[in-house]
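The structure appears below as structure tokens.
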Number of protein chains: 2
Amino acid sequence: MDLSIVLDPDSPVPLYRQLYDQLRAMILDGRIQPGFRLPPSRKIAADHHIARVTVTAAYEQLQAEGFVTSRVGAGTYVSELPELFPHQVDSASKYAASLSTWGRRVLEIGASDDRGIPTGRRTIDFGFGRSFPHIFPYDIWRRLLARYLSTDDTMLSHYGSVAGFYPLRQAVAGYLRRLRGVRCTADQVIIVSGMQQALDLLARLLLNSGDEVLVETPGYSGAFELFRTFGARLRALPVDEDGFPVEQIPASSQARLAFVTPSNQFPRGGTMPLSRRLSLLRWAREANALIFEDDYDGELRYTGHPISALQGLDRDERVVYLGTFSKVLFPALRLGYVVLPSSLSNPFHQAMNLVDRGAPTLTQAAVADFINEGHFERHLRRLRSEYGRRRRSLVEAIERYLGDDASYSPVEAGLHVMLYLPSAVDETVLVTEAANAGVGVYPGEPYHLDRPAQPSILLGFSGLNTGEIIEGVIRLAGVVHSLMHKSGQR
Amino acid sequence: MDLSIVLDPDSPVPLYRQLYDQLRAMILDGRIQPGFRLPPSRKIAADHHIARVTVTAAYEQLQAEGFVTSRVGAGTYVSELPELFPHQVDSASKYAASLSTWGRRVLEIGASDDRGIPTGRRTIDFGFGRSFPHIFPYDIWRRLLARYLSTDDTMLSHYGSVAGFYPLRQAVAGYLRRLRGVRCTADQVIIVSGMQQALDLLARLLLNSGDEVLVETPGYSGAFELFRTFGARLRALPVDEDGFPVEQIPASSQARLAFVTPSNQFPRGGTMPLSRRLSLLRWAREANALIFEDDYDGELRYTGHPISALQGLDRDERVVYLGTFSKVLFPALRLGYVVLPSSLSNPFHQAMNLVDRGAPTLTQAAVADFINEGHFERHLRRLRSEYGRRRRSLVEAIERYLGDDASYSPVEAGLHVMLYLPSAVDETVLVTEAANAGVGVYPGEPYHLDRPAQPSILLGFSGLNTGEIIEGVIRLAGVVHSLMHKSGQR
């Protein structure tokens, strides 16, 4: 019987492994049957001009895995495998996933994939949440990383603590106390692999199906989608220039959780004033509720100093503060943090320990030094200056080229502007036509849970230089005017 | 009225922020009331020998946040805040977390925290899952990382793909096909932040409360605890030298999921032979079930070549293959991978996108190069040689110093040995006494879901050198013999 073995000496797969793979396939698909005697290793070696030890290695591997049996002095035989799996592929027997309730909700919700990642086809991409690579001090970062890569450092050889690398927790706590008005100790700070992970764990710990959650509209759709996977009922209150309208929470609300962005409302912009913050805390006390404070870009404020966190006003431990390094360092770092009230500390730790064993120690150690040695605050100042310049260019270009045809939300902070357009302009058409004109803009509709009063688009400015920003707005204005002309508004 | 302001020029907190903090606190706790006029900035500046612009900055910040109102020509007044939150701390109003069903289960299960992390008090720690830091090629790793830190690399400035950095997915797929017998394309490989994250996502997608899951005992307690948070009923089958006893699955079983470690049963050791693997696949087809193949250390096999994965035998797409870099590179890297059958691809992607936005790109890129440039397979060979030497020392020391008083499980693979002791020895007492003798050993009981027939301990050898291993076993033998003497067995 000719076994039709073909060996390729140029393949990256070792010769013994090629031989093993082919014999194994023959056994599995029944081409050679139980009891069949494999050719002596000497013969295969001679036929294929390979070392006999190569054949022996393949036979030994087949034997170790139970495909063949070796009888001393009698050769190597294909094993009796009475329970041999029928290897014909049977489409009826192919696995079809039967999803859990959670899994089915995930599919129904159909989270938007990889939002904000430029496709590469667009010339000028107003994607938001991007950072401008040339601003980041790579030389310093590389130097800090290199410190923890020395051979006598044993830090890398253990699993880190699930709550995060302690010096980073200390550095974050110090920064938040010093510059964000957060009241916290290092023990309350947990390092996570991003805000989404923290939100997910908190929602799992707190939400049962049917629970009501108060959210902002427009708002952070990543949170909406997540809460819905737990079967939560979202009650969305339309924000105004002062953010979340606390006074509009209906007396009938059963919510014991609210998700808000007080420092810079996402995506509309605007800061929640003190009186509303205090009202929100009073609501939380009266409703026995918890507040998630999403401070995704509170550091990036261009007029005056950053606004202190809502968390710092709270005396009831009813605020969970969520922050991220994605916006102010770089997104691919995958590090965020959460400041927990004491009653959530143990549940959150236990849950982290079960579902994820923490973020990489190396980057955590480097970020801790980055903060402790003053690079972080220096970098924030530079970001505010650089992004502030871009923001001014964008606002000036909007004023000049779109003039009365568009209005925009407050822009004291953050990395994007939300632009409102006349109702004659169709949002989807605008986004498509802008793309055709080589400009990437993002529809506002997905962030709304109510029916938006006006069409809107989001323009992120953090990934572009001022020349690109101006050119992009000129092209966008051309598209807007042409659409208005078609609709007869001009 | 004296405001009792104290400013410290040596503090890392800026002077304006110190002033702001103190005035803010006075307003919040009612020491100064709405309508109170703050001293002119000129006066505070003079009293405290600071620049007037510092005082102005503090006042502007208080105004921006709504604490004070400025009237042109009339000074700065504490705002009317009719809704002012009562700031006395009231223990009755302090938030007490009301946990979800999942959250309550997490607390009941009480996951063991930071298992395997040495406390630093023990002299010789047989902790398992550790790696030996001096084996890792830090110079190569540092060089690979440095490549991706250059200023003109824009890779870091975008969020990565949630499924992982594509070149790493390709590299892992190639490695798994070439050396682990896994049948997969790069698209089936998803990079995760560790095996636990992958298990968590899969369990969430698949398990409803009350669902039955087949597991091994002793087995991986991290999976047991996780499955239980979903309300799963675990049916544990006691393993033998050939791993999971497929033939003992009762006909009455309703399980549609099995969690197994075919390459090297955890923690007992032993490899599932071909006939059992085929039986398990047949069971899965007949029960319309899915199999989680946890190949946590399949690369680290000391006799012969690594055993091919169960996944490679499957033709029904009923096996999810789970692997990790924690054991073979270093734990603090926090990278693992999962190979998905096609029916789980979309649900897993959608879920990843909702709950975590993927692992850091930097380390993924470096690991991809580490694999593609041959360092990974070289490193595996070196690990097998170095750890093989330690394993031999451990086994020889056990034979010599514990002799007939202990038996051990198969040790062809992995990073630890499970040692069985006479029933006269109490496991907990042994662990405590060993710690007193300066030896860290780990009880086998937490890995059992049945009542173990014999006491057992786990001895990890990957974090120790051969001298420490021998010395550790000598001390351990002393403790065992003394305990047996006390119990009258000697």
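Values as computed for the structure displayed
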item: Residue in region B:432-440 that is out of contact with any helix residue (DSSP H, G or I) (no Cβ under 9 Å at 6 or more places or on another chain) and assigned by TED's automatic domain parsing to the domain that holds residue B:392 present; result: yes
item: Residues satisfying the stated conditions in region B:329-344, i.e. in contact (Cβ under 8 Å) with a residue 24 or more places away in the chain and within 11 Å of another protein chain (Cβ to nearest Cβ); result: B:329, B:330, B:331, B:333, B:334, B:335, B:336, B:340, B:341, B:342, B:343, B:344
item: Residue in region B:304-312 that is in a loop (DSSP other than H, G, I, E, B), under 27 Å from residue B:283 (Cβ atoms) and of a type in the set (Gly, Ala, Ser) present; result: yes
item: Options B:453, B:413; residue that is under 29 Å from residue B:307 (Cβ atoms), surrounded by fewer than 21 Cβ atoms within 10 Å (Cβ to Cβ) and small (Gly, Ala, Ser); result: B:453
item: Residue A:348 being of a type in the set (Phe, Trp, Tyr) and out of contact with any helix residue (DSSP H, G or I) (no Cβ under 6 Å at 6 or more places or on another chain); result: yes
item: Answer residue from region A:1-60, given it is in contact with a Leu (Cβ under 7 Å, 6 or more places away or on another chain) and β-branched (Val, Ile, Thr) and is surrounded by the most Cβ atoms within 10 Å (Cβ to Cβ) among those; result: A:55
item: Looking only at region B:360-389, and only at residues there that are touching a helix residue (DSSP H, G or I) at 6+ places or on another chain (Cβ under 9 Å) and not in a helix (DSSP H, G or I), the one that is surrounded by the most Cβ atoms within 10 Å (Cβ to Cβ); result: B:360
item: Breaking point among (1) of a type outside the set (Phe, Trp, Tyr); (2) part of a loop (DSSP other than H, G, I, E, B); (3) touching a residue at least 40 places away in the same chain (Cβ under 8 Å), for residue A:316; result: (3)
item: Scope region B:59-83; condition in a helix (DSSP H, G or I), out of contact with any helix residue (DSSP H, G or I) (no Cβ under 7 Å at 6 or more places or on another chain) and over 14 Å from residue A:276 (Cα atoms); matching residues; result: B:60, B:63
item: Scope region B:280-299; condition among the basic types (Lys, Arg) and in contact (Cβ under 8 Å) with a residue 24 or more places away in the chain; matching residues; result: B:285
item: Count - residues of region A:286-309 that are surrounded by fewer than 23 Cβ atoms within 10 Å (Cβ to Cβ), of a type in the set (A, V, I, L, M) and under 21 Å from residue A:416 (Cα atoms); result: 1
item: Close pairs (6 angstrom Cβ cut-off, 6 or more residues apart or separate chains): under 19 Å from residue B:336 (Cα atoms) and within 7 Å of chain B (Cβ to nearest Cβ) in region A:345-363, charged (D, E, K, R) and assigned to a helix (DSSP H, G or I) anywhere; result: A:354/B:225; A:355/B:200
item: Conditions (1) at pLDDT 85 or above; (2) under 30 Å from residue B:344 (Cα atoms); number of the one not met by residue B:125; result: (2)
item: Any hit, region B:412-433, residues being closer than 19 Å to residue B:129 by Cβ and part of a helix (DSSP H, G or I); result: yes
item: Any hit, region B:98-113, residues being modelled with pLDDT under 80, more than 18 Å from the chain's Cα centre (by Cα) and part of a loop (DSSP other than H, G, I, E, B); result: no
item: Qualifying residue in region B:321-328 (condition: surrounded by 23 or more Cβ atoms within 10 Å (Cβ to Cβ), facing chain A (nearest Cβ under 7 Å), touching a residue at least 24 places away in the same chain (Cβ under 8 Å) and within 18 Å of residue B:196 (Cβ to Cβ)); result: no
item: Criterion (within 10 Å of chain B (Cβ to nearest Cβ) and in contact with a His (Cβ under 8 Å, 6 or more places away or on another chain)) met by exactly one of A:285, A:315; result: A:315
item: Residue that is among the β-branched types (Val, Ile, Thr) and away from chain A (no Cβ under 13 Å), where the choices are B:229, B:217; result: B:217
item: Selection from region A:224-254 of residues that are hydroxyl-bearing (Ser, Thr, Tyr) and either touching a residue at least 60 places away in the same chain (Cβ under 8 Å) or closer than 15 Å to residue A:264 by Cα (or both); result: A:229
item: Filter pass, residue A:297 being among the acidic types (Asp, Glu), in a helix (DSSP H, G or I) and more than 9 Å from chain B (Cβ to nearest Cβ); result: no
item: Residue A:424 being out of contact with any Asp or Glu (no Cβ under 9 Å at 6 or more places or on another chain) and crowded, with 22+ Cβ neighbours inside 10 Å; result: no
item: Subset of region B:222-257 (residues that are of a type in the set (Lys, Arg) and assigned to a loop (DSSP other than H, G, I, E, B)); result: B:256
item: Residues satisfying the stated conditions in region A:11-49, i.e. more than 14 Å from chain B (Cβ to nearest Cβ), in a loop (DSSP other than H, G, I, E, B) and free of Cβ contacts under 8 Å to residues at least 24 places away in the same chain; result: A:31, A:49
item: Pairs, first over 24 Å from residue A:448 (Cα atoms) in region A:268-279, second among the small types (Gly, Ala, Ser) and not in a helix (DSSP H, G or I), C-beta under 9 Å, six or more apart; result: A:274/B:66; A:274/B:79; A:275/B:66; A:275/B:79
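Residues checked against (1) under 21 Å from residue A:199 (Cα atoms); (2) under 21 Å from the mean Cα position of the chain (by Cα); (3) aliphatic (A, V, I, L, M):
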residue	(1), (2), (3)
A:282	no, no, no
A:300	no, yes, yes
A:313	no, no, yes
A:317	yes, no, no
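The rows are residues; the columns are (1) modelled with pLDDT of 90 or more; (2) touching a Gly at 6+ places or on another chain (Cβ under 8 Å); (3) assigned to a helix (DSSP H, G or I); (4) under 23 Å from residue A:336 (Cβ atoms).
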position	(1), (2), (3), (4)
B:142	no, no, yes, no
B:153	no, no, no, yes
B:159	no, yes, no, yes
B:162	no, yes, no, yes
B:170	yes, no, yes, no
B:176	yes, yes, yes, no
B:191	yes, yes, no, yes
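The values are calculated or read from the model by the stated rules, or taken from the named source; none is laboratory data. Because the structure is predicted, anything quoted here is derived from the model rather than measured. Positions of Cβ are generated from backbone atoms using ideal geometry, with glycine treated the same way; all protein chains shown enter the neighbour counts.
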